[in-house]
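One structure is given below, encoded as structure tokens.
The values are calculated or read from the model by the stated rules, or taken from the named source; none is laboratory data. No experiment lies behind these values; they were computed from the predicted model shown. We place every Cβ from the backbone using ideal geometry, glycine too, and count neighbours over all the protein chains shown. All accessible areas refer to the heavy atoms of the entire protein, side chains included, with ligands and DNA or RNA removed. Shrake-Rupley method; radii C 1.70, N 1.55, O 1.52, S 1.80 Å.
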Amino acid sequence: MKNNVLELRSLRKKFGALKATDDVSLEVEKGKIHALIGPNGAGKTTLISQIFGNLKPDSGDIFLDGKSITNTSVADRALLGIGRSFQISNVLMDFSVLENAIVAKISHSQETFRFFRPAFSDPSLIEGGFAILKRVGMEQMADRKVSDLAHGERRLLELALALAMEPLLVLLDEPMAGAGPEDTIFMTKVIAGLRGQTTILLIEHDMDVVFQLAERISVLVEGAVIASGTPDEISQNRLVREAYLGSDQ
Amino acid sequence: MVLDLFKKFTTLWIILIVLAFFPIFTSTFDLPFWNDVVMRIMLLGMAAMGLNIVFGFGGMVSFGHAAFMGVGAYCAGISQYYGLDNGWYQLLMSAVSCGILGILIGFLALRTSGIYFIMITLAFAQMLYFFFVSLEEFGGDDGLIMDRSDFIFFDLYEPLRLYYLIFFILATVSIMLMLLIRSRFGVILQAIKSNESRVEAMGLNPLKFKLTGYVISAIICGLSGCLFASWQEFVSPDIMHWTRSGDLMIIIILGGLTYLAGPLVGAIVFLLLEELLPDLLHVLFPPISENWMIIFGPLLIAVVLFGKGGLMGVMGSKLKTAANREKT
Ligand SMILES: Nc1ncnc2c1ncn2[C@@H]1O[C@H](COP(=O)(O)OP(=O)(O)OP(=O)(O)O)[C@@H](O)[C@H]1O
Ligand SMILES: [Mg+2]
């Protein structure tokens, strides 16, 4: 067997009559940055939600590292090694940057049912929290409240949280959506730096970013994968050019 | 660690210290009636603090927590009915019963959220209410007259013994909660309130933490109810009427639901107004003194609308992050 971190087999999901995921089979190879592209409404977020467990597929199977996780809960998938950043920022808004990281660290430590010792002044948690922030270069902002952060900074924090559990697989749903050009460049650099450390499935509309980062690209149109291959293969693919790239470039 | 707690939760410590010395004030000025009012404040304040674990810190709007007070009160009443007078035993019974009920109700109710959670918690509370109404053996609707329980070391009929027993339990609960809300568990609970889906994505199963919080809050309300029975020397389904669940929520919102001391502040203001407004109106506008709620209602609405964060919020503290919140 190949070294696939993630394998989808004939995944299907309907919303009423709409086939949001239409017989999707996909393999994501270990250590690679794999981009998932497709026009608006193609079903990219829906697919990622099924991989993470927020949505249940109607049929089909999902394998993480060879083991079926089709019926596993979101929390358990996170523990098994999947991290996710959402299309719409999804962080702890009432907490500070460091506090966000510390909550992730608490979960990572597995010692959650502790009722007496204060968490936010625990040196090992603070250290762990800073380590989480350092990966995205946010340690200077540790004490800022999330509600005061710029949009791009929130995206960065969410990336840090997605990486906090040292996942096998990271699902990034348009991680730079809404961030400014500088933040986008910085975020691209951070993601490039993760190459080899973990496996990434990246949804991104910005083709420059996609072609900079991705080693493999899958194209989703109307719920179905119409092509999968290296960036070169995809940019040569006539179907893709017609369905997608042509309208974009 | 205890020293550290002194530096934080200033308001809560001040209230506890004032409560500890309050009887000196009442005996100096010969106002024993006020001891009674303050015991009621402590009892409802404690129940509201318990509810606030789920409501303010966990973001779960439970509209049936008076039922746990009722179960605690009946644990005292029914035990005594069968000759089990020991108050410590009754407190333990209350805690265990409310803990078990909390697990059952929480397990079912926490599958829902939003308005459905409010309705289902209210429905369970009403079921318990009518269950006790139907218990003819224990007085049904009319309730059960009882004596103050026997707490071995101190006879509750001695002056002030009941006051200090209630104070002791309140102080113990307060200190436990100071530790709890800053602990890993407490932080996770507040994180769930802030953003449940992010907490889940971090690998934590929100239901486990919400259920644990729910059970803790049920137990605290049960302890309050058990002592309430001794204070009132009477138990009836009235203690768990749905309007009391509403009162507890108003007390919390009035005081400030993101603060540990909020429910106590709320209970002080709520019950003092309830005590003083009718008299005050009697002097100022006799025609409406019967309907003092006419003033009370709008006053509450004003605090809720204009004083974001309740009275605790108004009193200062623009600090909003979870770490800073606990300083007041
Ligand atoms: N919960 C839902 N109920 C009904 N329809 C849905 C639901 N979620 C998504 N859809 C529909 O499914 C289709 C796929 O949506 P999805 O969000 O997965 O697209 P996407 O590829 O992520 O798009 P975008 O690039 O705009 O983020 C859309 O037509 C959307 O309207
Ligand atoms: Mg999307």
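For (1) in contact with a Ser or Thr (Cβ under 7 Å, 6 or more places away or on another chain); (2) more than 15 Å from ligand 2 (Cβ to nearest atom); (3) in contact (Cβ under 8 Å) with a residue 12 or more places away in the chain, each residue gets a yes or a no:
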position	(1), (2), (3)
A:Glu27	no, yes, yes
A:Ile37	no, no, yes
A:Asp65	no, yes, yes
A:Ser68	no, yes, no
A:Phe86	no, no, yes
A:Phe115	yes, yes, no
**Request:** Go through A:Leu168, A:Leu159 for me and flag whichever is within 14 Å of chain B (Cβ to nearest Cβ) and open to solvent by 10 Å² or more (accessible area, probe 1.4 Å).
**Result:** A:Leu168
**Asked** Got a sec? Which of A:Val91, A:Val136 is away from chain B (no Cβ under 12 Å), part of a loop (DSSP other than H, G, I, E, B) and more than 16 Å from ligand 2 (Cβ to nearest atom)?
**Response** A:Val136
**Message:** Please verify whether A:Arg84 is of a type in the set (Lys, Arg), outside any strand (DSSP E or B) and either open to solvent by less than 20 Å² (accessible area, probe 1.4 Å) or under 25 Å from A:Ala131 (Cα atoms) (or both), treating the condition exactly as stated.
**Reply:** no
**Request:** Would you point out the residue of segment A:193-213, among those that are acidic (Asp, Glu) and either open to solvent by 40 Å² or more (accessible area, probe 1.4 Å) or at pLDDT below 90 (or both), that is farthest from ligand 2 (Cβ to nearest atom)?
**Result:** A:Asp208
**Prompt:** Mind checking whether some residue in segment B:43-64 is farther than 30 Å from B:Thr112 by Cβ and open to solvent by 20 Å² or more (accessible area, probe 1.4 Å)?
**Reply:** no
**Item:** helices (runs of 4 or more DSSP H) within segment A:176-236 that include 3 or more residues within 15 Å of ligand 1 (Cβ to nearest atom)
**Value:** A:207-213
**Complete:** Within segment A:216-246, of all residues that are over 13 Å from A:Ala35 (Cβ atoms) and among the basic types (Lys, Arg), the one modelled with the highest pLDDT is A:Arg238
**Request:** For segment B:228-262, name all the residues that are in a loop (DSSP other than H, G, I, E, B), touching a helix residue (DSSP H, G or I) at 6+ places or on another chain (Cβ under 6 Å) and surrounded by fewer than 24 Cβ atoms within 10 Å (Cβ to Cβ).
**Result:** B:Leu257, B:Thr258
**Asked** How about segment A:55-66: which of its residues are within 27 Å of A:Ala192 (Cβ to Cβ) and either near ligand 1 (Cβ under 7 Å from one of its atoms) or within 14 Å of chain B (Cβ to nearest Cβ) (or both)?
**Response** A:Leu64
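Condition check: crowded, with 23+ Cβ neighbours inside 10 Å, in contact with a helix residue (DSSP H, G or I) (Cβ under 8 Å, 6 or more places away or on another chain) and modelled with pLDDT under 90. Does B:Gly225 satisfy that?
Details: crowded, with 23+ Cβ neighbours inside 10 Å: yes; in contact with a helix residue (DSSP H, G or I) (Cβ under 8 Å, 6 or more places away or on another chain): yes; modelled with pLDDT under 90: no.
Answer is no for this residue.
Check A:Lys105, A:Lys67 and return the single one that is touching a helix residue (DSSP H, G or I) at 6+ places or on another chain (Cβ under 9 Å) and crowded, with 22+ Cβ neighbours inside 10 Å.
Going through A:Lys105, A:Lys67 in turn, the sole match is A:Lys105.
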